[in-house]
Amino acid sequence: MAVKSAAKRRAVMPATDVPSRERVLDRIDRQLLTRLQQDGRLSISELAAEVHLSVSPCLARVRRLESLGYIIGYFAHLNPARLGLGLLAYISVQLDSTTPEVFRRFAESMVAFDEVLECHMVGGGFDYLVKVRVKDMAAFRKFLGEQMASVRGVQQTHTYFVMEEVKSTHRLEVPNS
């Protein structure tokens, strides 16, 4: 199972154009997805034993789930505090216009900034919600003033600093079809 680079992983989006007949997951597929979310380092032989398959069919299923876009990458979940990245913030961004060119330019800029963990176009009173993690307030001020402010088309921002992370997970509930 190959690990994708961070830049490629950020740019990959889940497949939504997969025909519905290919999107049907059986019980074993759901078990594989659930288990791999819990521990992406499991060997194929360990995974096969847990779902009661032999190694070859298990590997074939995992590869199929990857090729269909159910699995879009494997990664290590790092502790931001141990890395000195203690400040988490959300920034609401309002753009000066809503043209495809402005959206494209903004999205390309966000993908390029290492401080940006997530960036979502949203509906409502602003255009994007950006999740940023940095070392401290000085690093945040530098990011906001030098990087975010340099993006053409940004009209206004509002920042919300996280005081306590109540829940933070990458795990999704795998539905029963």
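Each of 106, 134, 158 was placed along the dipole of the range 87-161 (beta-carbon charges, centred on the mean Cα), and the one lying farthest toward the positive end is 134. Taking the chain as the region of interest, the number of lysine pairs whose Cα atoms are within less than 22 Å, with members eight or more places apart or on different chains, is 5. The order of 28, 91, going from fewest to most other C-beta atoms within 10 Å of their C-beta, is 28, 91. For the range 87-161, the square roots a ≥ b ≥ c of the C-alpha gyration tensor eigenvalues yield an a/c of 1.5 or more together with a/b exceeding b/c, which makes the shape prolate. Only helices enter this figure: runs of n ≥ 4 DSSP H residues, each worth -39500 (n - 2.57), summed and divided by the residues of the chain, yield -9500 deg cm²/dmol at 222 nm to the nearest 500.
Quick note: the coordinates plus some simple rules give every number you see, no bench work behind them. Quick caveat: nothing in here was measured; it's all calculated off a predicted structure. In this analysis, Cβ positions are derived from the backbone assuming ideal geometry, glycine residues included, and neighbour counts consider all displayed protein chains.
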